[in-house]
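Data block below; observations after.
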Amino acid sequence: MDDKREAELPPGIALAWGFTPSAGRRGPKPAFSVERIVAVAVEVADAEGFAGLSMPKIAGRLGVTANALYRYIRSKEELVVLLAEAGWGPPPESVRQAGNWRDAAAEWTRAMIGRAQVHPWVLDVPVHTAPVTPHLVGWLEAFLEGMADSGLNEQDTLGCALLLDGYARSVARLAHSMKETAQAEASAATLEFLLPLLGDRGYPRAATLMMNLAYIEDELPQGDVEFGLNRILDGIEALIAEQKTET
């Protein structure tokens, strides 16, 4: 790819697809690679979150100045695109191995939740309007392939992908938030404080709920995740049935 065409693209897209500005140019052999810099960026994000990511911190771990990184990556915006690509990684093969559209969609959603739990900071990375890097396009391709036997048109299939993507992100964000809260609060002490107050102050149903369930937990129960996921899949199934009756 020539420099002019590359300059017309949003930051990071060409690099994500393997087109490096230094390719074919003369000069000393680079001390680092883009892949190494991104790997270190992932380490920083894992340790400090997306908000803690900075070029100086990455450079410090590599033992160079921040300015030295710009020989490989031209801006932080470019790095963020590559970081998201590395954080999400490729979709698991289990999505393509599912037996039908419902199993494939469920596996795809669970895989997204799982990946976001490994790298919670991916939820804070600004999202492009559409997947434009190899791994993220791969996630979309896996979903489209899994939904191929559903009979839905491309527009409705994409709508289903957006719906399940949003659900996966919200579940992962809630699960991460619960873990952080659990570290700062004692669940038993919180319930002990709340329960006597709720009945006196006009919250009898909430008081009953908290007494009968493990209301404050350290992590989101898997049953709750599956409940929401299955209701969404039921809705998609109803859409498929509706379209079949119309045709």
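The values are calculated or read from the model by the stated rules, or taken from the named source; none is laboratory data. For clarity, every value in this text was computed on a predicted model and none was experimentally measured. Cβ sites come from the backbone with ideal geometry, for glycine too, and all protein chains shown count toward neighbours. For accessibility, only protein heavy atoms count, side chains too; no ligands or nucleic acids. Shrake-Rupley method; radii C 1.70, N 1.55, O 1.52, S 1.80 Å.
The figures follow:
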item	result
Summed side-chain charge close to Asp156 - residues other than Asp156 whose Cβ falls under 13 Å, Lys, Arg +1, Asp, Glu -1	-3
Net charge over other residues, Cβ less than 14 angstrom from the Cβ of Leu53 (K, R count +1; D, E count -1)	-3
Ordering of 61-70, 112-121, 195-204 by packing [mean C-beta count within 10 Å, highest first]	112-121, 61-70, 195-204
Amide proton proximity set for Leu53, modelled H, under 5 Å, gap of 5+	none
Region 33-107 and region 112-158: distance between their alpha carbon centers, rounded to Å	16
Fully extended contour minus Cα-Cα distance, from Glu48 to Arg201, at 0.36 nm per residue	51.0 nm
Residue-wise HN-Hα coupling along region 80-87, computed from phi with Karplus coefficients 6.51, -1.76, 1.60 (Hz; x: Gly, Pro)	4, 4, 5, 5, 4, 4, 6, x
Listed values (i) 1.02; (ii) 1.08; (iii) 0.95, entry calculated as Rg/Rh (Cα atoms, Kirkwood Rh)	(ii)
Mean accessible surface per residue for the chain, computed with a 1.4 Å probe while every protein chain stays in place, in Å²	58
Tyr70 versus Phe32: modelled label distance in nm, points set 7 Å from Cα along the beta carbon direction	1.4
Relative contact order (percent, whole number), the chain, Cα cutoff 8 Å, 6+ residue spacing	17
